[in-house]
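Undergrad: Can you read through this structure? Questions will come right after.
The numbers here are math on the coordinates, done by the rules we state, and not lab data. For clarity, every value in this text was computed on a predicted model and none was experimentally measured. Backbone-built Cβ (ideal geometry, glycine too); neighbour counts: all protein chains shown.
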Amino acid sequence: MVMRPTSSALVLILLALPAGCGSSSVFDRNQPDPIGTWHLAAVNAHALPYVARISGTDTTVIVSSRIVLSSDGRWSKTDSVSHRTGTGAASAVFADDGTWSRSPAGVSLQSATKGAFELAFQGAALFGFAPMADITILLDVSYTRPPH
């Protein structure tokens, strides 16, 4: 004899499922809360400062970067760099901003000027490919929170 669930059993099963299948339940609730300030820890698996060779003796040194994710869905980023050429060096600060949202793996960021990119949680850090300063390629970055 095959037993079939009764309609009341199906209702109980459905009530036991997590509520909502909308965008708010897409991400892993075990992830850290992304809201707050994140500091660049590494670029291409190298600690800062990171030297990106542009051409010949021209380099851009990434000195620091900070992303702030606000609870209103906005974000801002500041990159501090030093440009070195065969004739000298100059420091510069680049700013970017836009909107962000939670994603299944971490956060999706939409830049006002550089398009979209995604950072994923690995433990308590955010990893991914992101635009940096005036460098035209995306760099493999790791952001962490400052110690309290």
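Undergrad: How much length would be gained if the chain were fully extended between Ala47 and Ala112, taking 0.36 nm per residue of separation minus their Cα-Cα distance, in nm to one decimal?
TA: 20.6 nm
Undergrad: Could I ask something else about it? Could you list Leu139, Leu126, Leu69, Leu40 so that the one with the fewest beta carbons within 10 Å of its beta carbon is first and the one with the most is last?
TA: Ordered by Cβ neighbours within 10 Å, fewest first: Leu139, Leu69, Leu40, Leu126.
Undergrad: Based on alpha-carbon positions alone, could you give the equivalent ellipsoid semi-axes of region 76-148 from the gyration tensor, as √(5λ), descending, whole Å?
TA: 25, 15, 11
Undergrad: Subtract the Cα-Cα distance of Ala90 and Thr136 from 0.36 nm times their separation in residues, and report this length gain in nm to one decimal.
TA: Gain on extension, Ala90 to Thr136, equals 14.7 nm.
Undergrad: Hey, could you get me the Stokes-Einstein D for region 35-132, Kirkwood radius over alpha-carbon pairs, 4 °C and 1.567 mPa s, rounded to whole µm² s⁻¹?
TA: 90
Undergrad: Sort Asp33, Asp79, Asp140 by Cβ crowding within 10 Å, fewest neighbours at the top.
TA: By the 10 Å Cβ count, ascending: Asp33, Asp140, Asp79.
Undergrad: At a 10 Å Cβ-Cβ cut-off, how would you order Ile67, Ile35, fewest neighbours first?
TA: Ile35, Ile67
Undergrad: Something else about it: Within region 63-146, list the chymotrypsin sites (Phe, Trp or Tyr not before Pro) lying in a DSSP loop whose Cβ has at most 16 other Cβ atoms in a 10 Å radius.
TA: Hits after loop and neighbour filter: nothing returned.
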